[in-house]
Amino acid sequence: MGVPIVLVHGLRLSSSMWRPQVELLASEGRRVVAPDLPGHGSRRGEEFSLGAAVDAVLGAVDGVGGRALLCGLSLGGFVSIAAAGASGGRVAGLVAASCTAKPAQALAQVYRIPSVLMDRLPDRGAAVNERFHRLTLRDGAADAVLDGGLAVEAATAVIDEVQGLDALSALSSFEGPVWLINGARDHFRIHEKRFFDACADGRLVNVPRAGHMVSLDQPVNFSRIVADAADVVSVREGASVRGRRLEPGAGEL
């Protein structure tokens, strides 16, 4: 079975966005969970805060045994970076997708103005967001996104919270293996080299013909990357256990 995998969704979305990965990874016998963040999915109506989101992610890690590979996309990537930095050893490895841009700059430039404008619409932009996903996603990916609902009302609070995150410092404090995954067409790649340089043990992977929603644009390729990351972490975990067993004097009084 290997190390469990915890998947963390993006802004306005929910755990349903991970349906392709859950199906593909679970078919290989892997244990996969995908929690909803505060204010999203089954937790719509709750107040979002970065601290509460980190608690939700680490709670999911505890729920699968207290040690897991963490994989987040966009907002989920930023939350996963923060969680890894604060995990106290509970995060065995990190896959951070579509989030290699400093949050203050990326969120302010890309999301704040559209969110303010959307808030002025009667449905707060729900119809616009739904149409966007149906036009840009294919092969059932739009249904995977939309089935969990679109938490358009949460966007402003999320931006206010996450733009203060020092993602580079949080990333540099995590000593485990990191996979930074971007679609080759993603607008959030602008600081990917700085993010890569911040990793103690990092890898940078750009997925061809994919945009910001890389896990849905290239679901099989993305799932394979996550599976390979889980295998690497599992091998390291096994080697660490064997190493502790072989320490000189182990078990002696």
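Looking at region 45-60, I want the residues that are farther than 25 Å from Val3 by Cβ and of a type in the set (S, T, N, Q) and have a partner that is modelled with pLDDT under 95 and not in a loop (DSSP other than H, G, I, E, B) with Cβ atoms under 6 Å, at least 6 apart or on another chain. Which pairs are those?
Ser49/Glu161
Could you check region 142-184 and list, in sequence order, the residues that are touching a residue at least 60 places away in the same chain (Cβ under 8 Å), closer than 20 Å to His212 by Cα and among the small types (Gly, Ala, Ser)?
Ala144, Gly148, Gly149, Ala151, Ala154, Ala155, Ala167, Gly183
Only helices (runs of 4 or more DSSP H) wholly contained in region 1-91 count here; list those with 3 or more residues that are farther than 26 Å from Pro103 by Cα.
19-26
Residues are listed down the side, and each one gets a yes or a no for (1) of a type in the set (D, E, K, R); (2) touching a strand residue (DSSP E or B) at 6+ places or on another chain (Cβ under 8 Å); (3) more than 21 Å from Ala227 (Cα to Cα); (4) in contact (Cβ under 8 Å) with a residue 60 or more places away in the chain:
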{"site": "Val3", "(1), (2), (3), (4)": "no, yes, no, yes"}
{"site": "Leu11", "(1), (2), (3), (4)": "no, no, yes, yes"}
{"site": "Leu25", "(1), (2), (3), (4)": "no, yes, no, yes"}
{"site": "Leu37", "(1), (2), (3), (4)": "no, yes, yes, no"}
{"site": "His40", "(1), (2), (3), (4)": "no, no, yes, yes"}
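Please find, within region 1-38, the residue that is nearest to the chain's Cα centre (by Cα) out of those that are among the basic types (Lys, Arg) and surrounded by fewer than 24 Cβ atoms within 10 Å (Cβ to Cβ).
Restricting to residues being among the basic types (Lys, Arg) and surrounded by fewer than 24 Cβ atoms within 10 Å (Cβ to Cβ), the top hit is Arg19.
Of all residues in region 213-234, count the ones that are in contact with a helix residue (DSSP H, G or I) (Cβ under 7 Å, 6 or more places away or on another chain), closer than 22 Å to Ala84 by Cα and not aromatic (Phe, Trp, Tyr).
5
Restricting the first residue to region 190-207 and requiring it to be farther than 8 Å from Thr100 by Cα and at pLDDT 95 or above, which pairs with a second residue that is among the acidic types (Asp, Glu) and in a helix (DSSP H, G or I) meet a Cβ separation below 8 Å and a spacing of at least six or different chains?
What qualifies is Leu204/Glu192; Val207/Asp217.
The values are calculated or read from the model by the stated rules, or taken from the named source; none is laboratory data. It should be emphasised that the depicted structure is a prediction, and the values quoted were computed from it without experimental measurement. Here the Cβ is made from the backbone with ideal geometry for all residues, glycine too, and neighbour counts use every protein chain on show.
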